[in-house]
Amino acid sequence: MKHFRLLVLGNGVSAYGSYLNMVALNVFVYDVTGSALAAGLFMAVRLGTSVGAGFVSGRLVSAYDRKRLIIGADLGQALALLVLLLAPEAGRIPLLYCLAVVTGGCSTLSQVALRSSIPEIVGAEHRTRANSLLVTGRSLAMIAGFASAGVVVAQLGYTAAFVLDAGTFLVSASVLLVLPIRTRARSEGPGGAEEGAPGAGRRSLRLLWAGAPVLMAMIAVRAVDGLGSSSHNVALPVYSSLLDPAHPATFISQFWATWAVGTIIAQQVLARHNRRTGRTLGERAFAVGACVMSGAFIIVFSGLPTVPTLATALLAGAADGVTEVVYVSRLQLVPDEQRGRLFGLSASAENAGFGLGMLISGSLLESFSPFQVVASLHGLAIVLCLALLTLLVLRRSPDGPGRLRETGDAAVREGRG
């Protein structure tokens, strides 16, 4: 785990750059174009690229060295930012949309490659602990990125923000370059076992669809969770303005900081549980955690006083952190040659849900209150989670932690040859 902790550090630095990038670039696009439509189009291009990149990334991480793909994704984002800085002002507007494509595609590729590699880097028995460390690192990076973005842009300007952002990706690539880690199962050849025969990738996904219905249901839940997540992201500035029109950023900062603290606390609890019992939580814990998370987000917008609202945000962050780790750890039980495509499918589903949710939430907020919008979309997620939980109970599959819990896994293993 020593090498992996260094990887987490590099990934956290890269995540900080991504969150800084998220704020600085969106503001920069609006300043350069003077158009809210152009800023919205930039976000749409970035999200659309992320959706498409999920399918492409699944194929790439099944065919090529994942470590090199992550390094290449980091270097690609750094180079794109530097090109934008060096370009003359007249040519920056078209380059902004090229940058949206690069950042959307590279961030998805990096995520799919890293998630697919965890069992090979640390061993399957340590994957839950490793995923917890990654989530903790990203949560800390989110706090630092959102907190510093306004200061960096206001005090140092866009150029300094983009240089700092590019530097974080270079640091991440450099750390990964020197780490002696293996990201693919030893039995696979250089091109990946899945690519050995024509149509093998399509057969692999068909096998997963047919043999692992619970996995597909979990991915569907994550897609609908994306709808819910977009609703509270879009509604939060509106709700904050209603609470304190003079200082709307106050509640936003309190909310995200408290949410991140909840996520970090959950990772510590999960890590201790894993060390003490040697077991990991299963699909039922995922379904229950997702219900709690959506319910907590709904309560946050219900108009409670500040203290109970922030306590609920802490619960939402904790539940969000648990479901993230349980979900990723569960998908990582799939054999290595099929894992890349599965995570690619998952990334596309999550990004599609989030992007669609942003459009729906923005439209609904024209006519409905933030509470009504968040309750409707997160309520949909709760209904789907309860359906998944019912399915798991009716199947009476042993939810024994740390084991392959559904008959579909046996089907997947049988199809490997």
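The values are calculated or read from the model by the stated rules, or taken from the named source; none is laboratory data. Since we're looking at a predicted model, the values are computed, not measured. For neighbour counting, all protein chains shown are included, and Cβ atoms are generated from backbone atoms with ideal geometry for every residue, glycine included. Heavy atoms of the whole protein, side chains included, go into the accessibility calculation; ligands, DNA and RNA do not. Shrake-Rupley method; radii C 1.70, N 1.55, O 1.52, S 1.80 Å.
How high is the relative contact order of the chain, in percent, counting Cα pairs under 8 Å that sit 6 or more residues apart? Display every interim value, and only then the final one.
Values: 642 pairs, mean separation 111.4, N = 417.
Taking the mean separation of contacting Cα pairs over the length of the chain, I get 27 percent.
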> Residues of the range 135-179 with amide nitrogen under 14 Å from the 7 Å Cα-to-Cβ point of Val32?
Replying inline: 158-163
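Where does the charge balance sit around Leu134 when Lys and Arg score +1, Asp and Glu -1, over other residues with C-beta under 13 Å from its C-beta? Don't skip to the end; give the middle numbers.
Working: positive: Arg5, Arg115, Arg127, Arg129, Arg138; negative: Glu324.
Surrounding charge for Leu134 is +4.
Please report, as a whole percent, how much of the solvent-accessible surface of the chain comes from carbon and sulfur atoms (probe radius 1.4 Å). It would help to have the intermediate numbers written out before the result.
Working: 11870 of 17750 Å².
Percent of accessible area from carbon and sulfur atoms in the chain: 67.
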> Of the chain, which part is the longest with no trypsin sites (Lys or Arg not before Pro) in a loop (DSSP not H, G, I, E, B) and with at most 15 other C-beta atoms within 10 angstrom?
Replying inline: 1-181
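Expressed in nm to one decimal, what extension gain is obtained for the pair Arg182 and Thr250 from 0.36 nm per residue of sequence separation less their Cα-Cα distance? Mind showing how you got there, number by number?
Working: separation 68, 0.36 × 68 = 24.48 nm, distance 4.42 nm.
Extra length available between Arg182 and Thr250 comes to 20.1 nm.
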>> With an 8 Å Cα cut-off and a minimum separation of 6 or more residues, compute the relative contact order for the range 1-132 in percent.
In response: 31
> What is the gain in length, in nm to one decimal, between Thr390 and Leu356 on full extension, counting 0.36 nm per residue of separation less the C-alpha to C-alpha distance?
Replying inline: 9.6 nm
> What dipole magnitude, in Debye to the nearest 20, does the chain give about its Cα centre under +1 on Lys/Arg Cβ and -1 on Asp/Glu Cβ?
Replying inline: 1460
>> Give me, ordered by chain and number, the residues 5 or more places off Thr280 or on other chains with an amide H under 5 Å from its own placed amide H.
In response: Gly402
> How far is it, in nm, from the label point at Arg276 to the one at Gln372 when both lie 7 Å from their Cα along the line to the Cβ?
Replying inline: 4.6
>> For semi-axes √(5λ) of the Cα gyration tensor in Å, one of (1) 49, 23, 20; (2) 32, 27, 20; (3) 44, 24, 20 was computed from the structure I shared and the rest are decoys. Which label?
In response: (2)
> Could you give the accessible area per residue of the chain, probe 1.4 Å, as a whole number in Å²?
Replying inline: 43
